[in-house]
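The values are calculated or read from the model by the stated rules, or taken from the named source; none is laboratory data. Please read these numbers as outputs of a predicted model, since none were measured by experiment. Cβ sites come from the backbone with ideal geometry, for glycine too, and all protein chains shown count toward neighbours. To get the accessible areas, we keep the full protein, side chains included, count just its heavy atoms, and leave off ligands, DNA and RNA. Shrake-Rupley method; radii C 1.70, N 1.55, O 1.52, S 1.80 Å.
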Amino acid sequence: MKSPFRKLIRISVVLFVLVLLFNFFGYYINHIRSLESKELIEAINRSGHQQTLCQRIAKQALLTLDHPERIREGIPSDSLANLTDIFEANQNILVQQVNATPTPVPQKVFEIKLALQTAQPYFQSITDIAREITQSDSAMLLINRKLYIRDMLTAESKYNELMSNVNANYSAIVQEKSGDMAEIDTGKLFFLILAIVGLIILVLEPAFKKGERNYKELQKARNELLNEKKFLASILQS
């Protein structure tokens, strides 16, 4: 006959292992989600930086068009050519990141991809004008000044509007993932509490059964004593 205590230990071990497995997978999923969230936050920062770079390029281009003699002046880190290089490198990273998303592509990622594709002509216009300005002489700048200003301002406005959409969609994805991580943490806590309650029940149940069995035995013994007392009393009376 198997010992009830041995059965209790087996059930407790199974519950403990289930809790460990659930928490392990929960931790693993949250770890993956946190890495994804880190990449998304970097994308948000990069898209926001692109808007700032776009404004700085437009401002530097307008200053250069107003003062052609400043084409090769200024601090290297603030030069129009340097800003354009950074602007182009960041845009390539954003495009590569969204294109690396495996199919099926979520709706928000699809909207980001669409916004980047729509922004590409305006991005190209900004970089082309900036490079033409840095490579042209004063005479050419005077000839094309109005055209450059008009196209640069138009491209800047459209590009920043689309990058705001990119930023908003990335932020929405981060919020969704944060909500999923919170749900997993809540599930881990609930399952842990449930397992603890189960273990308590398993520990207390044998005690209750033993107490009930002892109570029944006491009642039986009491009844037997009462019967014997009645029997003795009847003998004495007779």
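Counting only residues that are loosely packed, with under 15 Cβ neighbours inside 10 Å and of a type in the set (A, V, I, L, M, F, W, C), the stretch 86-132 holds 5 of them. Restricting attention to the stretch 137-153, the residues that are exposed (fewer than 13 other Cβ atoms within 10 Å of the Cβ) and β-branched (Val, Ile, Thr) add up to 1.
Against the test of being modelled with pLDDT under 85 and among the hydrophobic types (A, V, I, L, M, F, W, C), the options 152, 140, 163 yield a single qualifying residue, 140. State yes or no: is residue 74 open to solvent by less than 80 Å² (accessible area, probe 1.4 Å), assigned to a helix (DSSP H, G or I) and modelled with pLDDT under 60? So residue 74 does not fit the description; no.
If we keep just the residues of the stretch 154-177 that are open to solvent by 70 Å² or more (accessible area, probe 1.4 Å) and among the charged types (D, E, K, R), which is farthest from residue 125 (Cα to Cα)? So the residue we want is 176. Of the candidates 98, 105, the single residue that is over 20 Å from residue 153 (Cα atoms) and at pLDDT below 70 is 105.
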